[in-house]
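Student: Pasting a structure here, questions to come.
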Amino acid sequence: MKKYFAFFRLRFLTGLQYRVAAFSGIITQFVWGALLILGYQAFYRSEPEAFPMTFQATATYIWLQQAFLMLFQPWGFENEIFESIRSGAVAYELCRPLSMYSMWFSRTAARRFSQVLLRCFPVLILGALLPAPYGIAPPAGILPLLLSVFSLILGTMVGVAFCMIIYFSAFFTVSVEGTRAIAASLIELLQGAVIPIPFLPDGFRQVAEILPFASMMNTPLRIYAGDIVGGEILRTVALQVFWAAALIFAGKLMERSAMKRTVVQGG
């Protein structure tokens with residue numbers, strides 16, 4: 001475990017060096033969040049009771065989405081890993097007495113946590129300072145806050161575990177670019193990054209809510225915003241635990257299959 005924590009720490013510290021990119025990202029995310037809220041406000045003014053979430057909950061969701069965007073980024077794959085598989089440099093990884101899955105998992109998670117740490121606090125603070133209903137509403141209590149933080153961690157695990165499946169799929173394809181593009185599009189739409197999942201049409205929404213993508217961004221943000229309450233919280237968190245375990249198990253199986261098929265040539 002210490003070895004994988006070392007990989008996490010190294011990648012985390014490396015990610016903290018990109019402060020200029022983080023600063024520009026903060027400005028972009030705050031401006032984009034403000035534009036989204038103003039756009040939603042125009043629709044809410046016409047018929048607010050027609051929407052599945054209150055405007056305050058939607059505004060809170062949007063600010064949290066912008067603050068934690070890099071934690072659930074649909075494009076958050078490490079190009080170095082894909083390049084090592086394509087070029088054959090992955091052979092160096094095989095020489096290490098480590099689980100490749102665990103090593104890549106820790107690297108990907110560290111990269112996301114470092115990026116979100118640099119960006120989230122200014123957006124959260126600015127969002128909290130805005131007057132209601134345009135800013136971030138306080139949590140309903142300490143328990144919903146703790147549950148949303150726990151759900152945030154589980155959602156990150158689900159997202160990273162899905163990344164692992166895309167990584168190992170590169171061992172079985174000539175080019176992974178198509179797989180990456182499809183995966184990024186699915187994640188962005190079905191995790192609630194384009195619009196919150198409750199805004200999707202009935203039927204499609206029910207299906208989307210049970211898919212692993214909804215267990216990424218959708219669940220923790222809606223728990224904090226107060227859109228998921230009571231026993232529904234336990235159900236959605238349990239679904240997150242299921243998908244995290246299922247995707248990790250599937251990734252491990254793909255790792256084992258990929259290692260059996262991998263042939264290293266040369267000396």
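The values are calculated or read from the model by the stated rules, or taken from the named source; none is laboratory data. Not measured: the values here are computed from a predicted model. We place every Cβ from the backbone using ideal geometry, glycine too, and count neighbours over all the protein chains shown. Note: accessible area is taken over every heavy atom of the protein model, side chains too, but ligands, DNA and RNA are not part of it. Shrake-Rupley method; radii C 1.70, N 1.55, O 1.52, S 1.80 Å.
Student: Taking segment 6-60 only, how many residues are open to solvent by 80 Å² or more (accessible area, probe 1.4 Å), modelled with pLDDT under 90 and outside any helix (DSSP H, G or I)?
Tutor: 3
Student: Collect the residues in segment 161-175 that are in a helix (DSSP H, G or I) and more than 14 Å from the chain's Cα centre (by Cα), keeping them in residue-number order.
Tutor: Ile165, Ile166, Tyr167, Phe168, Ser169
Student: Within segment 61-111, track down each residue that is open to solvent by 20 Å² or more (accessible area, probe 1.4 Å) and outside any helix (DSSP H, G or I).
Tutor: Phe68, Trp75, Gly88, Ala89, Cys95, Arg96, Pro97, Leu98, Ser99 - these are the residues of segment 61-111 that are open to solvent by 20 Å² or more (accessible area, probe 1.4 Å) and outside any helix (DSSP H, G or I).
Student: Under 6 Å between Cβ atoms, at least 6 apart or on separate chains: pull out the pairs that start in segment 172-192 with a residue that is closer than 16 Å to Gly155 by Cα and open to solvent by 50 Å² or more (accessible area, probe 1.4 Å) and end on any residue that is modelled with pLDDT under 85 and of a type outside the set (S, T, N, Q).
Tutor: Filtered contacts from segment 172-192: Glu188/Pro74.
Student: Is it the case that Val158 is β-branched (Val, Ile, Thr), open to solvent by less than 60 Å² (accessible area, probe 1.4 Å), part of a helix (DSSP H, G or I) and under 30 Å from Phe55 (Cα atoms)?
Tutor: yes
Student: Which residue pairs have Cβ atoms closer than 8 Å, lie 6 or more positions apart in sequence or on different chains, and pair a first residue in segment 27-47 that is over 23 Å from Cys120 (Cβ atoms) with a second residue that is open to solvent by less than 80 Å² (accessible area, probe 1.4 Å) and assigned to a helix (DSSP H, G or I)?
Tutor: Gln41/Phe55; Tyr44/Phe55; Tyr44/Thr58
Student: Could I ask something else about it? What number goes with the only condition from (1) surrounded by fewer than 21 Cβ atoms within 10 Å (Cβ to Cβ); (2) farther than 30 Å from Arg86 by Cα that Val123 does not pass?
Tutor: (1)
Student: Hey, another quick one. Can you name the number of the only condition in (1) outside any loop (DSSP other than H, G, I, E, B); (2) touching a Leu at 6+ places or on another chain (Cβ under 8 Å); (3) within 17 Å of Leu36 (Cβ to Cβ) that Leu126 fails?
Tutor: (2)
Student: OK, next. Ala244 - would you say it is open to solvent by less than 70 Å² (accessible area, probe 1.4 Å) and at pLDDT 95 or above? So that I can check it myself, show each step before the final result.
Tutor: On the way: open to solvent by less than 70 Å² (accessible area, probe 1.4 Å): yes; at pLDDT 95 or above: yes.
For Ala244, the condition - open to solvent by less than 70 Å² (accessible area, probe 1.4 Å) and at pLDDT 95 or above - is met.
Student: Still on this structure, I have one more. Looking at (1) of a type outside the set (Phe, Trp, Tyr); (2) modelled with pLDDT of 90 or more; (3) over 17 Å from Trp75 (Cα atoms); (4) open to solvent by less than 40 Å² (accessible area, probe 1.4 Å), find the lone condition where Gly141 falls short.
Tutor: Going through the list (1) of a type outside the set (Phe, Trp, Tyr); (2) modelled with pLDDT of 90 or more; (3) over 17 Å from Trp75 (Cα atoms); (4) open to solvent by less than 40 Å² (accessible area, probe 1.4 Å), Gly141 breaks only (2).
Student: Within segment 160-184, restricting attention to residues that are modelled with pLDDT of 90 or more and touching a Lys or Arg at 6+ places or on another chain (Cβ under 8 Å), which residue is farthest from Gly33 (Cα to Cα)?
Tutor: Ranking the candidates gives Ile166 first.
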